[in-house]
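This report refers to the structure that appears directly beneath it.
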Amino acid sequence: MADCLTREEVLHVARLARIELTEEEIEKYRYQLKTLMDDVDKIKDVELKTEERLISPATENATLREDTPGEMLDPEEIMKNVPESNGNFVEVPVMIDE
Amino acid sequence: MNKYLDLSIKEINELLKNKKIKPIDLVNEAIERIENSDLNAFITLDKEGAIKKAKELEDKEVDNLLFGIPIALKDNIVTKGLLTTAASHILDNFIPIYDATVVEKINDANMIIIGKTNMDEFAMGSTSRTSYYGAPLNPWDKTRVTGGSSGGSAACVSARLVPFALGSDTGGSIRQPSSYCGIVGMKPTYGRVSRYGLIAFGSSLDQIGPMTRNVYENACLLNVISGRDDKDLTSSHAKVEDFTRKIGNSIKGMKIAVPNFFMSDIVDDEVKDKVNEIIELLKKEGASIDYIDIDYLENAVTLYQIIGMGEASSNLARFDGVKFGFSIKEPKNVDDLYGKTRGEGFGEEVKRRIMVGSYLLSGENAKIYYNKALQIRNGIRESFKKAFEKYDLIIGPNATTVAYSQDEGLNDPLRSFYDDALVFPANMAGLPGMNVPIGFNNDNLPIGLQIIGNVWDEATMYQLASFIEGKLELNLDPREVK
C-alpha cells in the first residue's frame, strides 16, 4: 500500500464533505487521511460472532410527543443569526451556474 | 479574598440559609478567581448575566442544596442569548435562541451560570488543543494538557474557580480530562440526561454529565440534570432517583470485575500500580474482584473511529454558512459558499474527521465499515450485559497515561483516538462510566479510576467511588501543591 493518498483521492473526500482545501492542506491530508484510513481498515480483520446491529444504545422505544402547538420561536430572534437576510427570508447565492 | 468557594456545598448552603452570605458573594468570588486565572479554561465569562441572576436570587428562599452556586458549562451546550461556539471559528458569532434542557434545569434549581468553558473544537479531541481559542492548561502542571474534550470544565473545577461544571462525553470526554485533572466526572447512562441543546457530535454516543470536586456533589448535580425530556426522543422515562442514596453504604460483598484488556500493555505501569492498590483495598474491605474478558474491547478504537466520525460527518453537515455562524463574503454560488465557509470555519482535526466520516459512509463503504461496526458494537453491549448479570461494577483505569506535555503528539492523527481506548466501550454500550481520583504519580500528576456501571445504576457507582474517596482522603487541590 502506498504511504499516502493521491491528490485526487483527497479532493474526492473533501468534495464529499463539502470542504474546500488549500494547496497546503491537500498535501498534509494526503498523509494524515491515509494514516487514519489504514487504521480504520483494521475492522476488516475483526471476526464477527454476531450479526445483529446496534444503532443506538437507547433502551426504550422512541415515543412521539403529542402533536399539540407549543411556543413559537420569535422570527426576529432567529433572523439575527442569519448571515445574509432580506426581511424574514434567508438569502443564498445562485444554486446553479450558467 | 473570600474563600467561600472552598467550602463544601453543604457549608455554603448553611451560610446562604442563615443569610451570612448572599449568592452575589459567591458570584463575585468566582469572577475574581476566573479573571485571575491563566488557565484559559473559559471561552466566555458571563459576568453581567451571573450578577443579574445573583441579585434576583436575593429575594428568593434558599430551597435546595445547589441554590445560588456558580456553575460553568461546556461551550457546546446552548444558552439563550449567550455566545456558544463549541470552540469553533464557524460559530464565531452564534447567539442561541433557546436554552438546552440541562440549562433550564440548572436555572430551575437556581444555580448561577458563570460562563462557557473551553474544549476541543466540536468536542473532537483528547487534549482540548483543537480549540480555536487555544488549549486550556492543566492546573497541576501548566505545561501539560488538561485532556479533553471537556478540558476547560475539568481545569476550572480542579483549580477551584467554580465548584461545578457540565461536560459532554462522546468517547470519554468527561472521564479522561477528569482523570488528568484530578476531579470526579460522570458520564451517565445513555438517555439519563436530555441531549436537547447539546451541539450534536455522535448522537448515539453523546451524553452530558457533571464534573465536580467530590463524589457527593457530583451525585447532587446529576440529581438536578436528569430526567425524561419530550424534546429528546432517546431520553428515558426512568424515574428520577436520588443518586446520593447509596453513598456511605458498605461495599462488603460487592462483586467487581476488571477486564483484562484494561490492565494490558497499553496502560502505563504507574497507572496500573495505582489501580492495583485500589483493587487490594477493595478486597480487604470484603469486595470480590474477578478478572474477566469482554468481547471486542480491543476493537473499541476502530469502532469509535467509524461510528464517531460517521455520525459527526452527518451532524456537522448543518454548518453551511446559510442560517447561522460564520459565512464567507460574496460566494460565487452555493457550492462555493459551503466549501469555503466549511474550509475556513472548521479546524484541522474537525475537517479530518468529517472527510473520513463522509468517505466511510459513502456508497459501498457503508457496508464494509459502518454496518460491520454496528455489528461489533452490538457484540460489545451483549458481552457487557452478560458481565453485569454476575457483577455489580466494572473497574479499570480511565486513561492509559497521566496528563502529558502540551507539545506531545501534535502531528499524530491517531493520538487522540488511542488516548481514549479505555473510555470508548462505555459509550458504545450506552453504559454509565465515571472517574474518581485515586492518587498521583511521582511527578504529582493525578491518576484516576474508571468505574463502569450497569445501565441506570449510577447510584452504585457513586457508592463505590465515595468509599474510595473516603479511604484515600487525597488532597486534590492543585493550589496547595505549588
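The values are calculated or read from the model by the stated rules, or taken from the named source; none is laboratory data. All values reported here derive from a predicted model rather than from experimental measurement. Positions of Cβ are backbone-derived with ideal geometry, glycine not excepted, and every protein chain shown enters the neighbour counts.
Results, tabulated for the structure shown:
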quantity	calculated
Residue within region B:311-321 that is within 9 Å of another protein chain (Cβ to nearest Cβ), over 23 Å from the mean Cα position of the chain (by Cα) and surrounded by fewer than 18 Cβ atoms within 10 Å (Cβ to Cβ) present	yes
Enumeration of residues in region B:245-275 that are in a loop (DSSP other than H, G, I, E, B), aliphatic (A, V, I, L, M) and under 23 Å from the mean Cα position of the chain (by Cα)	B:I247, B:I266, B:V267
Enumeration of residues in region A:30-45 that are facing another protein chain (nearest Cβ under 7 Å) and either among the hydroxyl-bearing types (S, T, Y) or more than 26 Å from the chain's Cα centre (by Cα) (or both)	A:T35
Residue within region B:276-298 that is part of a helix (DSSP H, G or I), away from chain A (no Cβ under 14 Å) and among the β-branched types (V, I, T) present	yes
Conditions (1) of a type in the set (G, A, S); (2) within 26 Å of B:T341 (Cα to Cα); (3) out of contact with any Ser or Thr (no Cβ under 7 Å at 6 or more places or on another chain): number failed by A:A17	(3)
Search result, residues across region A:60-98 that are more than 7 Å from chain B (Cβ to nearest Cβ), more than 30 Å from B:S327 (Cα to Cα) and hydrophobic (A, V, I, L, M, F, W, C)	A:L64
Condition check for B:N333: within 8 Å of chain A (Cβ to nearest Cβ) and surrounded by fewer than 16 Cβ atoms within 10 Å (Cβ to Cβ)	yes
Count of region A:6-29 residues which are more than 12 Å from B:R353 (Cα to Cα), at the interface with chain B (Cβ under 10 Å from one of its Cβ atoms) and not β-branched (V, I, T)	9
Residues satisfying the stated conditions in region B:339-357, i.e. at the interface with chain A (Cβ under 7 Å from one of its Cβ atoms), buried (at least 24 other Cβ atoms within 10 Å of the Cβ) and over 26 Å from the mean Cα position of the chain (by Cα)	B:R342
Hits in region B:197-254 - residues which are acidic (D, E), more than 25 Å from B:S149 (Cβ to Cβ) and away from chain A (no Cβ under 14 Å)	B:E241, B:D242
Candidates B:I71, B:I21, filtered to the one that is in contact (Cβ under 8 Å) with a residue 12 or more places away in the chain and not in a loop (DSSP other than H, G, I, E, B)	B:I71
Condition met for B:T170 (modelled with pLDDT of 95 or more and closer than 19 Å to B:S416 by Cβ)	yes
Every residue from region B:427-466 that is part of a helix (DSSP H, G or I) and either among the aliphatic types (A, V, I, L, M) or crowded, with 24+ Cβ neighbours inside 10 Å (or both)	B:N427, B:M428, B:A429, B:E458, B:A459, B:M461, B:Y462, B:Q463, B:L464, B:A465
Every pair of residues 6+ apart whose Cβ atoms lie under 7 Å, when the first sits in region A:47-59 and is within 12 Å of B:R381 (Cα to Cα) while the second is hydrophobic (A, V, I, L, M, F, W, C) and surrounded by 14 or more Cβ atoms within 10 Å (Cβ to Cβ)	A:R53/B:L374; A:L54/B:L374; A:I55/B:L374; A:P57/B:A429; A:T59/B:V455
Sole exception among (1) within 14 Å of another protein chain (Cβ to nearest Cβ); (2) in contact with a helix residue (DSSP H, G or I) (Cβ under 9 Å, 6 or more places away or on another chain); (3) of a type in the set (S, T, N, Q); (4) surrounded by fewer than 24 Cβ atoms within 10 Å (Cβ to Cβ) for B:N110, by number	(1)
Yes/no for B:V267 being surrounded by fewer than 21 Cβ atoms within 10 Å (Cβ to Cβ), aliphatic (A, V, I, L, M) and either free of Cβ contacts under 8 Å to residues at least 60 places away in the same chain or facing another protein chain (nearest Cβ under 10 Å) (or both)	no
Failed criterion for B:I90 (all others in (1) outside any loop (DSSP other than H, G, I, E, B); (2) over 24 Å from the mean Cα position of the chain (by Cα); (3) within 14 Å of chain A (Cβ to nearest Cβ); (4) not small (G, A, S) hold)	(2)
Yes/no for B:Y296 being surrounded by 21 or more Cβ atoms within 10 Å (Cβ to Cβ), modelled with pLDDT of 95 or more and in contact with a helix residue (DSSP H, G or I) (Cβ under 8 Å, 6 or more places away or on another chain)	yes
Residue within region A:49-59 that is under 26 Å from B:E298 (Cα atoms) and more than 7 Å from chain B (Cβ to nearest Cβ) present	no
Test: residue in region B:358-369 that is within 25 Å of the chain's Cα centre (by Cα), small (G, A, S) and surrounded by 23 or more Cβ atoms within 10 Å (Cβ to Cβ)	no
Options B:Y359, B:Y338; residue that is free of Cβ contacts under 8 Å to residues at least 60 places away in the same chain, of a type in the set (F, W, Y) and touching an Asp or Glu at 6+ places or on another chain (Cβ under 7 Å)	B:Y338
Qualifying residue in region B:377-398 (condition: more than 9 Å from chain A (Cβ to nearest Cβ), surrounded by fewer than 18 Cβ atoms within 10 Å (Cβ to Cβ) and touching a helix residue (DSSP H, G or I) at 6+ places or on another chain (Cβ under 9 Å))	yes
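Table: residues versus (1) surrounded by fewer than 13 Cβ atoms within 10 Å (Cβ to Cβ); (2) of a type in the set (D, E, K, R).
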{"site": "A:D3", "(1), (2)": "yes, yes"}
{"site": "A:A17", "(1), (2)": "no, no"}
{"site": "A:T22", "(1), (2)": "yes, no"}
{"site": "A:I26", "(1), (2)": "no, no"}
{"site": "A:K34", "(1), (2)": "no, yes"}
{"site": "A:D39", "(1), (2)": "no, yes"}
{"site": "A:D45", "(1), (2)": "yes, yes"}
{"site": "A:T63", "(1), (2)": "yes, no"}
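Here is a yes/no grid of residues against (1) over 21 Å from B:N118 (Cα atoms); (2) aliphatic (A, V, I, L, M); (3) part of a loop (DSSP other than H, G, I, E, B); (4) at pLDDT 95 or above:
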residue	(1), (2), (3), (4)
B:L16	yes, yes, no, yes
B:A30	no, yes, no, yes
B:G49	no, no, no, yes
B:V62	yes, yes, yes, yes
